[in-house]
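One structure is given below, represented as structure tokens, and several questions about it will come after.
The values are calculated or read from the model by the stated rules, or taken from the named source; none is laboratory data. Every value quoted in this text rests on a predicted model; they were computed, and no experiment measured them. Using ideal geometry, Cβ is built from the backbone for each residue, glycine included, and neighbour counts are taken over all protein chains shown.
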Amino acid sequence: MDASMFRKLHDPGATVPALTLTIDGQTVSAEPGDSIAAVLLRLDPPFSRTTPVSGSPRTPYCMMGVCFECLASVDGVASTQTCLVQVRGGMRVERQHGRRALTMAAPEDAVDPRDGMQGGVSP
Ligand code: FES
């Protein structure tokens with residue numbers, strides 16, 4: 001039984017082919033069009049990051065790019081607003097614990113995980 005209080009309203013995978021991504025190394029199914037934050041909410045426990053000060057878990061809240069509670073590392077890019085990014089097959093997501101780790105990747109090497117997002121809000 002899934003302990004998360006969030007679930008799809010329809011039977012997942014019944015009509016739409018599923019894709020897989022990993023969250024903290026665990027393979028998870030999703031549907032095209034799902035945001036990463038929606039997938040995180042369906043997991044048990046449903047959190048995306050922990051705070052730098054107390055370490056308490058934070059859960060995606062606004063789902064529209066305002067609250068920043070949904071930050072996670074997506075394909076190596078820390079502090080990604082997961083509510084603004086649609087899932088893609090093979091994506092690697094890590095819940096973010098505390099402050100983001102700064103990396104010195106060259107800008108041309110960086111991948112913007114928002115590429116392909118439709119209707120998203122640019123920062
Ligand atoms: S859930 Fe609020 S910014 Fe993503």
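Pairs under 7 Å by beta carbon, first residue closer than 16 Å to D34 by Cα and near the ligand (Cβ under 6 Å from one of its atoms) in the stretch 65-90, partner part of a loop (DSSP other than H, G, I, E, B) and not hydrophobic (A, V, I, L, M, F, W, C), six or more apart or different chains?
Sorted first by the residue in the stretch 65-90, then by its partner, the pairs are C70/S48; C70/P60; Q81/G65; C83/P60; C83/G65.
Just name the residue that is surrounded by the fewest Cβ atoms within 10 Å (Cβ to Cβ) out of those in the stretch 16-34 that are in contact (Cβ under 8 Å) with a residue 40 or more places away in the chain and among the hydrophobic types (A, V, I, L, M, F, W, C).
Among residues in the stretch 16-34 that are in contact (Cβ under 8 Å) with a residue 40 or more places away in the chain and among the hydrophobic types (A, V, I, L, M, F, W, C), the one surrounded by the fewest Cβ atoms within 10 Å (Cβ to Cβ) is L19.
Sticking with this structure for a sec: Could you figure out which of (1) touching a strand residue (DSSP E or B) at 6+ places or on another chain (Cβ under 9 Å); (2) at pLDDT below 95 isn't true of C70?
(2)
I would also like to ask the following. Filter the stretch 39-64 down to the residues that are without any contact (Cβ under 8 Å) to a residue 40 or more places away in the chain and outside any loop (DSSP other than H, G, I, E, B) and list them by number.
L41, P57, R58
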